[in-house]
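The values are calculated or read from the model by the stated rules, or taken from the named source; none is laboratory data. Bear in mind the structure is a predicted one, so any value in this text is a computation, not a measurement. Note: ideal-geometry Cβ built from the backbone for every residue, glycine included; neighbour counts use all protein chains shown. All accessible areas refer to the heavy atoms of the entire protein, side chains included, with ligands and DNA or RNA removed. Shrake-Rupley method; radii C 1.70, N 1.55, O 1.52, S 1.80 Å.
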Amino acid sequence: MMLDFNIGLGGILLPLLLVLLGASFRILREYERGVVFQLGRFWKVKGPGLVIVVPGLQQMVRVDMRVVTMDVEPQDVISRDNVSVKVNAVVFFRVIDPEKAIIQVENFLMATSQLAQTTLRVVLGKHELDEMLAERERLNQDVQQILDSQTDAWGIKVTNVEIKHIDLNESMVRAIARQAEAERERRAKVIHAEGEKQAAESLLEAARMLSAQPEAMQLRYLQTMTQVAGDRTSTLVFPLPMDLLGPLLAGRQRGDDPLKSGG
């Protein structure tokens, strides 16, 4: 009877021992770490590879060390110039300290997501709409730096933040289009006025040079007459400047006739 009892007990203990032995072996991949607790207290971080956990005495929590890509849900943001927009973004982060990620925060994925939403609203709310549209790279860096500093206590490194979309209502889109059109018209008028100013300065400088040399003025006049005379399809009445008649009038006043002097 005793022999039969020992055989029956051995038949029960052996399978149980095999089950416990099989439950003691854990295999962690290269990108995984295991946070091991012994009787409820933190013991050590293990992995990757084969890890032995004593059933009943130790518990292990797996932690993924790869970069996590997290979409931030669209957030209602009111800019500094009181414009309401919807903004969504994407956050890239990874766990660098498994111990802190498990012990310091209940759910580091949920905590990082909520913190990213709050930080996005706070940072963008400090800027005007034009800055959101034109300086997106600087805003990305501001959000990333704030998130990285606040998640450092959780053993998380935020590597990058990218603002994906800034959605505006139809009235605001039309207002921005009108503003852009007005800006283009303003630039066109400024360029035209600048060209007129440069042309006037050039004409003034040319007039000063010609007035300094009367002979140059006469040559310019004769050149203009030659150019006009080349077109014989019309009759032109061209005024004769007093500068050319001056010598003739002076000779007549002295009694000399330049036309008769030649015989």
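Accessible surface for the stretch 96-145, divided over its residues, is 54 Å² per residue with a 1.4 Å probe. Share of carbon and sulfur in the accessible area of the stretch 82-159 stands at 47%, probe radius 1.4 Å.
The charge dipole of the stretch 47-130, taken about the Cα centre with unit charges on the Cβ atoms of Lys, Arg (+1) and Asp, Glu (-1), comes to about 180 debye, rounded to the nearest 20.
Going through the cross-link list LYS100/LYS164; LYS86/LYS189; LYS46/LYS157; LYS126/LYS164, which pairs have a Cα-Cα distance over 27 Å in this structure? Beyond 27 Å between Cα atoms: LYS100/LYS164; LYS86/LYS189.
Quick one: dipole size for the stretch 112-158, taken about the Cα centre, charges +1 on Lys/Arg Cβ and -1 on Asp/Glu Cβ, in debye to the nearest 20.
For this selection, approximately 200 debye.
Sorting 25-38, 83-96 by average packing, meaning the other beta carbons within 10 Å per residue, from highest down gives 83-96, 25-38. So, counting K/R as plus one and D/E as minus one, what does the shell of residues with Cβ under 12 Å around GLU32 add up to? Cβ neighbours under 12 Å give a net charge of +4.
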